[in-house]
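The values are calculated or read from the model by the stated rules, or taken from the named source; none is laboratory data. Please read these numbers as outputs of a predicted model, since none were measured by experiment. Reconstructed Cβ throughout: ideal geometry from the backbone, glycine too, with neighbour counts over all protein chains shown. Just so you know, the surface numbers come from the protein's heavy atoms only, side chains and all, with ligands and any DNA or RNA stripped out. Shrake-Rupley method; radii C 1.70, N 1.55, O 1.52, S 1.80 Å.
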Protein chains: 2
Amino acid sequence: MTSRTPRPRERGIPEATVARLPVYLRALQALQERGTPTVSSEALAEAAGVNSAKLRKDLSHLGSYGTRGVGYEVEHLVHQISRELGLTQDWAVAIVGIGNLGRALANYGGFGTRGFRIEALLDADPAMVGQRVASLEVGHIDSLEEVVGSRGVSIGVITTPAEAAQAVATRFVEAGVGSILNFAPVVLNVPDGVDVRKVDLSIELQILAFHAQRRAAGDGQVAAAPGLELT
Amino acid sequence: MTSRTPRPRERGIPEATVARLPVYLRALQALQERGTPTVSSEALAEAAGVNSAKLRKDLSHLGSYGTRGVGYEVEHLVHQISRELGLTQDWAVAIVGIGNLGRALANYGGFGTRGFRIEALLDADPAMVGQRVASLEVGHIDSLEEVVGSRGVSIGVITTPAEAAQAVATRFVEAGVGSILNFAPVVLNVPDGVDVRKVDLSIELQILAFHAQRRAAGDGQVAAAPGLELT
DNA sequence: TATTGTGAAGCTATTCACAGCC
DNA sequence: GGCTGTGAATAGCTTCACAATA
């Protein structure tokens with residue numbers, strides 16, 4: 001994960017907490033589906049893969065929604081976290097770059113059980129334009145500004161090749177989009193106040209490789225075969 | 001991003017630094033292609049989107065590879081960072097779950113300019129098995145253990161539906177895979193010493209929504225149209 | 001002179017441990 | 001008695017600012 005906080009923070013929830021709220025929410029929704037009425041910090045923490053003190057401190061930033069001796073009311077907490085995350089409104093999303101990845105995202109139905117609507121798919125390739133993907137017609141990138149304005153897009157997703165990403169980001173920003181999720185392997189330059197998050201496959205793999213190498217070096221023997229030497 | 005450090009850290013590089021090294025590496029490789037021989041911390045930091053003090057401290061963890069008054073030799077630094085990240089060897093990767101996303105990853109050629117080889121694509125769907133994707137034949141998930149063993153897979157990528165992910169992770173671990181990159185929206189349970197990183201689209205969107213809501217609330221007017229109210 | 005490498009300071013996040021409350 | 005909420009302690013990360021040095 002990587003983030004750029006849009007402003008210093010106004011009387012706010014710590015960034016690290018914000019990043020975990022979605023995880024808690026997902027665990028709570030699972031409990032809700034099973035009809036569980038209340039949950040202890042211990043049990044919820046376990047489901048979310050964090051320790052219970054951290055969970056309690058995180059939740060304390062939202063307010064006092066637990067009951068001592070009992071735990072948290074699942075339904076209520078789902079609502080509070082959803083509200084805090086801004087999921088009680090619907091955010092319009094545009095995806096630019098309809099290659100394999102763009103298509104994968106467009107088809108990915110369950111965006112955290114609602115909160116987001118994919119409103120537009122755009123691509124620069126004329127051959128792509130007009131095709132139907134996930135029951136949307138792919139538009140031409142030239143219509144970006146128009147689409148953002150007319151459909152109230154506030155979150156832009158970039159799945160273009162690296163070379164195109166900065167230009168798309170700039171156009172998004174000038175069109176008024178304040179939140180960008182970038183899958184292209186480049187550092188985007190945006191003005192202050194615009195929030196960019198990036199998802200970068202090769203970075204993740206490289207971090208894994210670092211730890212794997214550590215492990216191999218620390219062990220006496222080479223545990224999980226590291227593969228061919230390449231000089 | 002999210003990580004689980006495999007062990008406390010053995011005389012090591014801070015986790016936050018490790019997560020940035022791939023970014024520096026990418027910027028350096030771009031400079032290398034343009035034939036730039038040296039770069040200052042200021043310039044490299046700019047390209048990587050961090051401040052220069054942080055960059056210098058990060059690099060200082062690898063050793064003293066700069067020259068005062070001059071900067072860093074690009075070639076040399078590329079080599080040092082690659083080595084530190086374990087990219088001077090080749091890591092065998094298996095992808096399980098060949099849906100839209102699995103296919104997208106399989107076709108994504110430039111894995112950070114080498115270091116990783118996709119060795120196997122596996123799926124549970126018999127209709128999928130035998131198809132060719134990115135010049136590899138999709139195998140059946142039942143062959144996971146055999147494939148991991150015979151091809152020396154040490155990094156497993158999970159792009160299955162949420163329901164299947166934990167079972168796949170467990171099989172990876174039992175087969176000796178110590179590094180897992182998880183795209184499925186679940187918290188994976190793995191033994192200590194196994195390194196899991198997750199990439200989760202809806203979490204990223206939810207974090208963006210949180211900040212977008214903040215921004216909208218802070219402004220007098222609603223800047224970038226937030227979309228429809230939903231109760 | 002220009003730029004690195006790094007102690008020291010400041011900030012953020014995590015964990016502990018227990019008082020407070022149901 | 002059981003579990004939350006939270007101050008205090010600790011650990012980790014970032015930034016400052018400047019001495020060291022090619």
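Taking all protein chains as shown and a probe of 1.4 angstrom, residue B:148 keeps an accessible surface of around 10 Å². Taking the inverse of the mean reciprocal distance over all distinct Cα pairs, the Kirkwood hydrodynamic radius of region A:81-136 comes to 12.3 Å.
Annotation: chain A has a Kirkwood hydrodynamic radius of 20.4 angstrom, from the mean reciprocal C-alpha pair distance. Entry note: region B:45-147 has Rg to Rh equal to 1.18, where both radii use alpha-carbon atoms and Rh is the Kirkwood radius.
Of the chymotrypsin sites (Phe, Trp or Tyr not before Pro) found in region B:40-110, the ones in coil according to DSSP and having at most 14 other Cβ atoms within 10 Å of their Cβ are B:65. The other copies place their residue B:135 label points at 3.9 nm from this one, listed shortest first, where each point is 7 Å from Cα along Cα→Cβ. Taking all C-alpha pairs of the protein assembly as shown, those more than 35 Å from each other amount to 33 percent. With Cα atoms defining each centre, region A:44-76 and region B:54-103 are spaced 39 Å apart in the structure. Note on the protein assembly as shown: antiparallel DSSP beta bridges, both residues inside, total approximately 25 percent of the bridges counted.
Among beta bridges from DSSP that stay inside chain B, the antiparallel ones total about 20%.
Compactness check for region A:15-85: Cα Rg over 2.2 N^0.38 Å is 0.96. In nanometers and ordered shortest first, the copy-to-copy spacing of the residue A:42 label point, defined 7 Å from Cα toward Cβ, is 5.8. Spatially, region A:121-151 and region B:180-207 are offset by 31 Å when compared through their Cα centroids. Remark: region B:167-182, residue by residue, has Karplus-estimated 3J(HN,Hα) of 4, 5, 4, 4, 5, 4, 4, 5, 7, x, 7, x, 9, 10, 10, 10 Hz, where x stands for each Gly or Pro and the curve is 6.51 cos²θ - 1.76 cosθ + 1.60 at θ = phi - 60°.
Here each label is just a point 7 Å from Cα along the line to Cβ, and for residue B:76 and residue A:33 those points are 5.6 nm apart. With label points defined 7 Å past Cα in the direction of Cβ, position residue A:163 shows copy-to-copy spacings of 4.3 nm, given to one decimal and shortest first.
Distance in nm between label sites at residue A:137 and residue B:127, each 7 Å beyond Cα in the beta-carbon direction? Label-label distance for residue A:137 and residue B:127, simple model: 2.8 nm. Three principal axis extents of region A:91-199 based on alpha-carbon atoms, in descending order, are 35, 32, 27 Å.
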